[in-house]
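Read through the structure below, which is laid out as structure tokens, and then see the notes.
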Amino acid sequence: MPVLINFKICDNSKDCNGIAVCPTHTITWDEKNKTMKIDNSKCINCCKCEESCPVGAIRVARNEQEYKKIRKEIDEDPRKVSDLFIDRYGAVSVSPAFLIPLDKFDAQILESNKPAVVELFNNKSIKCLLYSIPIKELFKNFDVKYRKINISDDEYLLKKYGIKELPSLLFFNNGKLVGKIEGHYRIGKLNELKKKIEDIIKQIRWGVKNGVNIFSTFAS
Ligand code: SF4
Ligand code: SF4
């Protein structure tokens, strides 16, 4: 009988406990499609995966009746990953005050009358939810506009600015991209991140003073 994953509450991560404990490699990570995948023909119903998932996202059906019951439970589950991340990781949710919809990007960021920083994140990614949170605090001491955009349903900005990893910070001045920091922000590297932000903002100020745009890019 098959193994089922409730992707509504699953991180869909290559670091999945289920992948790690499965003795038959029934659950694996598909690097090309960036998703977990299941080959039920290999499953021996040992249930190690089910026990290993901290949020009960993996379920093993032992017979047809159980399969139907679990399938129904998953289909009707109203939860989503973002509902669980507070319990799971002790994080606090993203402040809506800084969130703007994608269609306000031009008006709020490109046409801003002062340097602007936009953080692109994906609301469906646990890394984005976690690693986005402290970032707004880092801009308290700078005279820049800070906003966030959830790009989970539209990749237009990712393509436009060649962003490969999320969350990412994009720095704009006079409608031009002048710096970016790509990839998630490890708490242990917070000082490093602060330094990168300071360096980019210093360059923006220098550019403003001297009438040129300097472009900087950093991987986080
Ligand atoms: S441990 Fe559970 S929540 Fe995490 S990736 Fe695996 S199935 Fe999903
Ligand atoms: S029940 Fe056992 S064999 Fe099947 S996927 Fe889970 S850990 Fe792997």
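The values are calculated or read from the model by the stated rules, or taken from the named source; none is laboratory data. These figures come from a predicted structure and were not determined experimentally. Quick reminder, even Gly has a Cβ in these numbers, built from the backbone with ideal geometry, and neighbours come from all protein chains shown. Please note that ligands, DNA and RNA were not included when accessible areas were found on the heavy atoms of the full protein model with its side chains. Shrake-Rupley method; radii C 1.70, N 1.55, O 1.52, S 1.80 Å.
Within segment 150-167, the set of residues being modelled with pLDDT of 90 or more and open to solvent by less than 10 Å² (accessible area, probe 1.4 Å) comprises 157 only. Residues considered: 39, 11, 15. Of these, the only one that is within 12 Å of ligand 1 (Cβ to nearest atom), among the acidic types (Asp, Glu) and either farther than 28 Å from residue 123 by Cα or open to solvent by 90 Å² or more (accessible area, probe 1.4 Å) (or both) is 15.
Looking only at segment 29-41, which residues are over 21 Å from the mean Cα position of the chain (by Cα) and not acidic (Asp, Glu)? Answer for segment 29-41, where residues must be over 21 Å from the mean Cα position of the chain (by Cα) and not acidic (Asp, Glu): 38, 40, 41. Reported count of residues in segment 20-33, each being touching a helix residue (DSSP H, G or I) at 6+ places or on another chain (Cβ under 8 Å) and either open to solvent by 30 Å² or more (accessible area, probe 1.4 Å) or within 7 Å of ligand 1 (Cβ to nearest atom) (or both), is 7.
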